[in-house]
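The values are calculated or read from the model by the stated rules, or taken from the named source; none is laboratory data. Since the model is a prediction, treat every value here as computed from it, not as a measurement. No Cβ is skipped: glycine too gets one built from the backbone with ideal geometry, and neighbour counts run over all protein chains shown.
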Amino acid sequence: MSSWNLPIKELGEESLVGEGVTFRSITETVCRVTENKAPRGWWIAFLIAANFTGVMTLAIAYLFWTGVGVWGNNAPVYWAWDITNFVWWIGIGHAGTLISAVLFLFRQKWRTGINRFAEAMTIFAVICALVFPGIHVGRAWYAYYMMPFPNEMSIWPNFKSPLIWDIFAVSTYFTVSTMFWLVGLIPDFATLRDRAKGKYRRMIYGAVAVGWRGSNRHWQNYERAYLILAALSTPLVLSVHSVVSFDFATSLMPGWHTTIFPPYFVAGAVFSGFAMVMTLMLITRAVYGMRSLVLPKHLELMNKIILVTGSLVGYAYAMEFFIAYYGGNDYELFVFKNRATGPYWWAYWTMISCNVLSPQVFWFKRFRNSIPVMFVVSILVNIGMWFERFVIIVTSLHRDFLPSSWGYFRPTLVDIFTYAGTLGLFFTAFLLFIRWIPMIAVAEVKGVLPEADPHHDAGDHGEHALVAGHAQQPASAEAE
Amino acid sequence: MSDLQDAPVLLLAEFDTPGECLHAAEALRDAGYKDFDTHTPFPIHGMDAAMGLGDSKLGWIVFPAGLMGAIGAFTMIHWMNNIDYPIIIGGKPAGIASLPSMIPVMFELTVLLSAFAAVFGMLGLNKLPRHHHPIFNSSRFASFSNDKFFVSVEATDPKWNVDKTKALLEGVHAKHVELVYDDEEGGDELEHSSHASKGHA
């Protein structure tokens, strides 16, 4: 008998929501955010974010008009902030699917408090990531050549290239994550529809709720679809950053050509994704009064994942160095010595202190439960993870095999505006999400309340557990 | 309410807890009803067995779709890079021997097609999106998505008998039992316009 069917209380766990939370109060707490007027702080944040998005649009327009020379990329550093930002955003986009798929398969029910939020973040982060491969190709109006599309030169993409694998991996990831998110939203849109006062709200939420009526015959297929999507997304989420790492690992560049890259990139992606979820969660939880649904326990569990993945990343850094020494390849060893002590030493040591050292405070329960500490660490982790990608890309390129062509990359203003602008795009999308869409999965959180178990009431046991051989729970499970 | 037809199309019983709703489903199943359903804010464990439902058919839709993704990707890559315009890169032959380099794209397309099949297959099996359903004519039904649990029995059930079915539902401690009528809007789904949730306001 698996423990999955047992009520939570019998697994020796505490409730996953705060005191006094009922079905009705969950609906109320989550839905009212989309029904009340937006607080002033929302408008201020939205205007700032929208302005940054405008800056990004202008920076990209200037890039298209003039050419990629407006960026700091030049021989020998042909990949710089564009790919750094791409990999950073894609990495952030990993936590959502990890939380919604991997933790679902492992029956980690605490995920219900944070999954909607993290999935939304995933989708917006992947959108920000997709900006960069689209614009870095030089003549962006030919970006469709990346797809297998019959063209006038009768030539097809080279499917032996990891860059083509990347196109398929990232676009599949975006599509599947979006579908997963939308499927999860159907019952919650129905809740908003049924609460709607105005005609337009009722029409719009009615349309997106696709006529959902909570039927058990529907829930049966719905839950199966959710399970299948989770089972598909679990290898998918591991494949995406592995494929991103192939862009580097299958090349012959010292510093890139290492077999540790796929697992190392995946661990880093989960690490930065959880840190971003944490940063955003701490802010919205306080602003919108979600403290009874997102408990300190949720935050502590997330901190444990940050500690584990941060230490995995630290292990990968150490192992890269060891193999560079042990492998006996002079060029490889030079690149790694140059990383730590060369002109970009400051970037390398920022990465080490943010990614490896700062999460170590989470060994202590006091810091795992301290909101100021976790807020600061979550931001440090995201800074560190950006530097990780910068270090991998730029330090491996800037001193290549021929010392006469060595160089030093400096970003231009256009680089900076484009990057800052994608942060604006991310937050614009995110603020619109918390304004119009239930930010916590209402139906799923209701499902983990103790009252949601049909055998919750003490006097309620009885005949039905014995009927018909399909009964899912043994009689002992019902006794309290 | 002048547009209502005479015969009720379903009986709707309201319950306060998932446990009572589960008992009602079991009672209906044991009494031999087939066309009944429960409407709950979240899926309830054990309800499939309580209603006597078989397993979901969704897997039979997803598996062939995933297989098509794998075969389709292989065929596409093989034809494009090995037959139509052979590309020899990195010393790897333009043939089946370069299969390892096809794996990532084959995997991604398998996942993509399976995911589409899972989502649209689920909607198809559930006959959603659906513009209107007579059950929405009940003004109490809106709380199914909040904190109430409903059981509906449809008039098409062979054992349907207004009085007996109603008595059965009341016997399992329904808080409220009502007859729901169809109207011209719900009669033929998708043929009539106006808003989706008539009867709520």
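Can you name the residue in the range B:87-101 that is more than 9 Å from chain A (Cβ to nearest Cβ) and either within 15 Å of A:Phe246 (Cβ to Cβ) or touching a Pro at 6+ places or on another chain (Cβ under 6 Å) (or both) and is also modelled with the lowest pLDDT among such residues? Taking the candidates together, the pick is B:Ala94. Would you point out which residue out of B:Leu53, B:Leu22 is within 7 Å of chain A (Cβ to nearest Cβ), closer than 25 Å to B:Trp160 by Cβ and surrounded by fewer than 21 Cβ atoms within 10 Å (Cβ to Cβ)? Exactly one residue qualifies, and that residue is B:Leu53. Hey, does the range B:82-101 have a residue that's more than 16 Å from the chain's Cα centre (by Cα), touching a residue at least 12 places away in the same chain (Cβ under 8 Å), part of a helix (DSSP H, G or I) and more than 30 Å from A:Thr234 (Cα to Cα)? Within the range B:82-101 (the criterion being more than 16 Å from the chain's Cα centre (by Cα), touching a residue at least 12 places away in the same chain (Cβ under 8 Å), part of a helix (DSSP H, G or I) and more than 30 Å from A:Thr234 (Cα to Cα)), the answer is yes, since at least one residue qualifies. When the residues of the range B:25-50 are filtered to those that are part of a loop (DSSP other than H, G, I, E, B) and more than 10 Å from chain A (Cβ to nearest Cβ), the one that is surrounded by the most Cβ atoms within 10 Å (Cβ to Cβ) is B:Tyr33. Within the group A:Tyr226, A:Tyr222, A:Tyr173, A:Tyr145, which residue is part of a helix (DSSP H, G or I) and surrounded by fewer than 19 Cβ atoms within 10 Å (Cβ to Cβ)? The match here is A:Tyr145. Of the helices (runs of 4 or more DSSP H) contained entirely in the range A:7-101, those carrying at least 2 residues that are under 27 Å from the mean Cα position of the chain (by Cα), closer than 30 Å to A:Arg193 by Cβ and among the hydroxyl-bearing types (Ser, Thr, Tyr) fall at A:23-35.
Kindly evaluate A:Leu312 against the criterion of being under 16 Å from A:Val17 (Cα atoms) and hydrophobic (A, V, I, L, M, F, W, C). So A:Leu312 does not fit the description; no.
One residue alone among A:Tyr315, A:Tyr264 is among the hydroxyl-bearing types (Ser, Thr, Tyr) and either buried (at least 18 other Cβ atoms within 10 Å of the Cβ) or touching a His at 6+ places or on another chain (Cβ under 7 Å) (or both), and that residue is A:Tyr264.
Give me a count of the residues in the range B:37-62 that are among the small types (Gly, Ala, Ser) and out of contact with any Leu (no Cβ under 8 Å at 6 or more places or on another chain). Adding up the residues that qualify gives 4. Of the residues in the range A:129-139, not one is outside any helix (DSSP H, G or I), surrounded by fewer than 24 Cβ atoms within 10 Å (Cβ to Cβ) and within 10 Å of chain B (Cβ to nearest Cβ). Restricting attention to the range A:176-217 and to residues that are assigned to a helix (DSSP H, G or I) and basic (Lys, Arg), the residue that is farthest from the other protein chains (Cβ to nearest Cβ) turns out to be A:Arg201. Of the helices (runs of 4 or more DSSP H) that lie entirely inside the range B:102-199, those containing 3 or more residues that are in the same structural domain as B:Ala73 (by TED's automatic domain parsing) and at pLDDT 90 or above span B:103-125.
Tallying residues that are of a type outside the set (Ser, Thr, Tyr) and touching a residue at least 24 places away in the same chain (Cβ under 8 Å) within the range B:47-62 yields 7. Within the range B:18-40, residues that are under 20 Å from A:Val448 (Cα atoms) sit with their Cβ atoms under 7 Å from residues that are part of a loop (DSSP other than H, G, I, E, B) and polar (S, T, N, Q), at 6+ positions apart or across chains, in these pairs: B:Pro18/B:Thr40; B:Cys21/B:Thr40.
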